[in-house]
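Below is one structure, written out as structure tokens, with a few remarks after it.
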Amino acid sequence: MTLAADALRTTTHPAAHALASEGLNTHAGALPARRPGPTNSEPKAVRIAIITVALLFLGLFIALPLISVFYEAFKRGWLAYVAALVEPDALAAIRLTLLVAGISVVANVTFGLVAAWAIAKFEFPGKSLLITLIDLPFSVSPVVAGLVYVLLFGSQGLFAAYLQAWDIKIIFALPGIVLATLFVTFPFVARELIPLMQEQGTAEEEAAASLGASGLSIFFRVTLPNVKWALLYGVLLCNARAMGEFGAVSVVSGHIRGLTNTMPLHIEILYNEYQFVASFAVASLLALLALVTLIAKTLLEARLVEDAQ
Amino acid sequence: MSAPFSLKRFAGAVAVSLSAALALPAVAADVTLLNVSYDPTRELYTDFNKAFSAEWAKTHPGDTLTIRQSHGGSGKQARSVIDGLEADVVTLALAYDIDEIADRGFIAQDWQKRLPDNAAPYTSTIVFLVRKGNPKGIKDWDDLAKAGTKVVTPNPKTSGGARWNFLAAWGYALKKNGGDEAKAKEFVKAIYKNAPVLDTGARGSTVTFVERGIGDVLIAWENEAYLAVNELGPDKFDIVTPSISILAEPPVAVVDKVVDKRGTRALAEAYLKYLYTPAGQELSAKHYYRPRNEAIAAKYKDKFADVQLFTIDQVFGGWRKAQKTFFSDGGVFDQIYAN
């Protein structure tokens, strides 16, 4: 994450060139800061030892479990694997997970852009409070996040009377699962954008405004192009977390099969039912998602570095 | 009379169909039923739902019936219903969890009188699951209290099965020590000293024992123990039945507030009554729950070990009292487990 952030900060701003004349482009003089190259002062043996330890650690704690997921999933062949995935409850879980992740990503992109825009480009009272609040989900246990919604929207909760009067179901239904997921994925997009936008400052927007661009036009032609890769990066992380979230969702789900079980919850149920192949088959989908995320992240980082040069 | 269209006849037909629609609003409908249950009943209700759906289709041919299941620790599930999980029926591990729901006004207080046999259509008991060949030589409750035996049991705070486990051990100790409460406490404390990890539900504990290979003995529902042996191979585990155990009565109830709101009372009541029919009782026996129906119990006599059983009412004066004494905050379990 920090690697990408470093790279992002050095991005040049082609859109700014399009709008502002050369003289006005204040960023043109700021050359991308190069990361220092690898230092080779350590003796070779030390370097090899360190690399070996790192690789062993990664192999043991990340690669091996990942491989074992696929191994277990295909233990009884392709047919059993596919059967586990097309089973109605599994399909329902996959659909629900995709739906929840989709809603979370859209909501968090909207919120993240708005919050980052406000924080980076304007001064207002309560700004540091807002930054702290955005970070809150990182420090709160997901289980607590789920319980908070039970306390608010449960039938013994604060809004129980209103919800019952209007027959609105929040927890143990889709809205609760979305809320809990939103809570835990809240910081991902905003956190990627804020430092970048702060660094970029408001000079380009001011330049655009002085040339007569409208607010909307400034946003879509200056601000958004400047942060597009960071935004994509945030979306990627947000999506991965939204699909994988277990704790918060478990609390508000009610575990109704085929209805309120997301993929992680479905995996647990299958495992507890001694259906190990099915359980690992669904788990392998989540693992695949992780791999896709990883590849996308690598490509994205390459793109960011390219942009920086 | 060869009029192709008679207004009178048409009006009559409309009236008839209208009255029919009013009298029987659920002639053909998409209906759903949510059964909120505890951990070890997963397989039983998967089977039972199929059987009941077939039965329901006979009398309600137009209906599309979907029965949904939710499973977890019994106490946790009760809590979810209280928090608004819209269960039409609850089929939990013990009466106290349903009492808790009833106390919040979701279920009529007399729920346990509305169905036969204390509203428990099947019973079970608590047995031990040990590694194949019983390497630790576990025969009875005493062996669980011995130093060096690793015991696996779930947390009585969240799991119904765990509370039955606790009370079974306590009841045994009382019988053995002539009703000496202090000795019973010491005995049960020794058992829990041997149980460093407490899962939240019975199934969690079973998985800990059979899959992760932790512990020498799992204190388990009889049905759960048989299921584990059948699913994971009789070559890996043995079931040991103690000399004395508790008669566990997992009760069922219609959640009045929910069925009245959703208009599913008839369906929910039929669902629970079906548990008491020979077909329902056969399914209970198939999944290693002891059937109440005597004829069917006799048929499956060989399936269940002969064991001296005491009831919670005999030894503990009912669930409410037992819950308060043993499992409330600061109760006996807290005293035992805290130090």
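Read-outs: derived from the displayed coordinates by stated rules, not from any lab. As the structure is a computational prediction, the values presented were derived from the model and not from experiment. Virtual Cβ from ideal backbone geometry, glycine too; neighbours counted across all protein chains shown.
If you look at the Cα atoms of chain B, you get an Rg and a Dmax of 23.5, 97 Å.
Just checking the listed ones, A:Ala207, A:Ala118, A:Ala63: in the Gaussian network model of chain A with Cα springs under 10 Å, the one fluctuating most is A:Ala63.
Computed across chain A, the Kirkwood hydrodynamic radius from all distinct Cα-Cα pairs reaches 22.3 Å. Can you give the FRET efficiency for A:Leu130 and B:Asn118, using 1/(1 + (r/R0)^6), R0 = 60 Å, r = Cβ-Cβ distance, to the nearest 0.05? The calculated FRET efficiency here is 0.60. Scaled against 2.2 N^0.38 Å for its residue count N, the alpha carbon radius of gyration of segment A:216-309 is 1.48.
Just checking the listed ones, B:Ala87, B:Ala270, B:Ala248: in the Gaussian network model of chain B with Cα springs under 10 Å, the one fluctuating most is B:Ala270.
One Cα centroid belongs to segment B:140-209, the other to segment A:147-200; the line between them spans 40 Å.
Given Cα positions, please report Rg to Rh for segment B:238-295, the hydrodynamic radius being the Kirkwood one. Walk me through the numbers on the way to the answer.
Values: Rg = 15.4 Å, Rh = 13.7 Å.
With Rh from the inverse mean 1/r over Cα pairs, Rg/Rh is 1.12.
Given +1 on the Cβ of Lys and Arg, -1 on the Cβ of Asp and Glu, and no further charges, what dipole in debye does segment B:166-210 carry about its Cα centre, rounded to the nearest 20?
Working: 7 positive and 4 negative charges, 15 e Å.
Rounded to the nearest 20 debye, it is 80 debye.
Dipole magnitude for segment B:202-307: computed about the Cα centre from +1 point charges on Lys and Arg Cβ and -1 point charges on Asp and Glu Cβ, it is near 500 debye.
Between the amide H of B:Leu65 and those of B:Val31, distances stay under 5 Å, these residues lying 5 or more places away or on another chain, with hydrogens modeled in the peptide plane.
Please tell me the relative contact order of segment B:34-119 in percent, rounded to the nearest whole number, where contacts are Cα pairs under 8 Å and at least six residues apart.
Values: 84 pairs, mean separation 31.8, N = 86.
Relative contact order, segment B:34-119: 37 percent.
Per-residue shielding of A:255-264, expressed as the average number of other chain Cβ atoms within 10 Å of the residue Cβ, stands at 4. Restricting attention to segment A:200-289, which GluC sites (Glu not before Pro) occupy a DSSP loop and are surrounded by at most 14 other Cβ atoms within 10 Å? Sites meeting the loop and neighbour criteria: none at all. Binning the alpha carbon pair distances of segment A:149-245 at 10 angstrom intervals from zero yields the distribution 14, 28, 21, 20, 14, 2, expressed in whole percent. In units of the compact-protein estimate 2.2 N^0.38 Å, segment B:185-246 shows a Cα radius of gyration of 1.16.
Hey, got the dipole for the protein assembly as shown? About the Cα centre, +1 on K and R Cβ, -1 on D and E Cβ, debye to the nearest 20? Can you show the working numbers first?
On the way: 60 positive and 60 negative charges, 117 e Å.
Here the protein assembly as shown has a charge dipole of around 560 debye.
Distances longer than 26 Å among the Cα atoms of segment B:190-337: what percent of all pairs is that? Of all Cα-Cα distances in segment B:190-337, 43 percent exceed 26 Å. Comparing mean-square fluctuations of A:Phe159, A:Phe57, A:Phe220 from a GNM of chain A with C-alpha springs under 10 Å, the top value falls on A:Phe57. Note on B:Gln335 and B:Ile214: their simple-model spin labels are 2.8 nm apart, each label 7 Å out from Cα toward Cβ. Taken as entire DSSP H runs, the helices of chain A that both span 24 Å or more between Cα atoms along their own long axis and average -1.0 or more on the Kyte-Doolittle scale are A:88-121, A:174-200, A:224-244, A:276-308. The distance between label points at B:Ala279 and A:Leu91 comes to 2.7 nm (points 7 Å beyond Cα on the Cα→Cβ vector). Projecting the Cα atoms of B:Ala162, A:Asn261, B:Tyr274 onto the charge dipole of the protein assembly as shown, computed from C-beta unit charges around the Cα centre, puts B:Tyr274 farthest toward the positive end.
What base-10 log of the normalised intensity I(q)/I(0) is obtained for segment A:238-285 from the Debye formula, alpha carbons as equal point scatterers, at q = 0.13, 0.14, 0.29, 0.32 Å⁻¹? For segment A:238-285 at q = 0.13, 0.14, 0.29, 0.32 Å⁻¹, log10 I(q)/I(0) is -0.28, -0.32, -1.13, -1.20. Ranking B:Gly171, B:Ile239, B:Gly201 by Cα position along the charge dipole of segment B:165-260, where only Lys, Arg, Asp and Glu carry charges on their C-beta atoms, puts B:Gly171 farthest toward the positive end. Shielding by partners for peptide B:63-71, expressed as the average number of C-beta atoms from other protein chains within 10 Å of each residue's C-beta, is 4.
The ellipsoid that matches the Cα gyration tensor of the protein assembly as shown has semi-axes, each √(5λ) in whole angstrom, of 53, 37, 23, with the longest given first. Remark: mean inter-chain Cβ contacts per residue of B:83-94 equal 4, using a 10 Å Cβ-Cβ cutoff to other protein chain atoms.
Report for the protein assembly as shown the percent antiparallel among DSSP-assigned beta bridges with both residues inside it, nearest 5. Don't skip to the end; give the middle numbers.
Details: 17 of 34 bridges.
Antiparallel bridges: around 50 percent, rounded to the nearest 5.
Highest first, please rank the peptides B:198-206, A:74-82 by the mean number of other Cβ atoms sitting within 10 Å of their residues.
Values: B:198-206: 24.9, A:74-82: 12.8.
Per-residue Cβ counts within 10 Å, averaged per peptide and sorted highest first, yield B:198-206, A:74-82.
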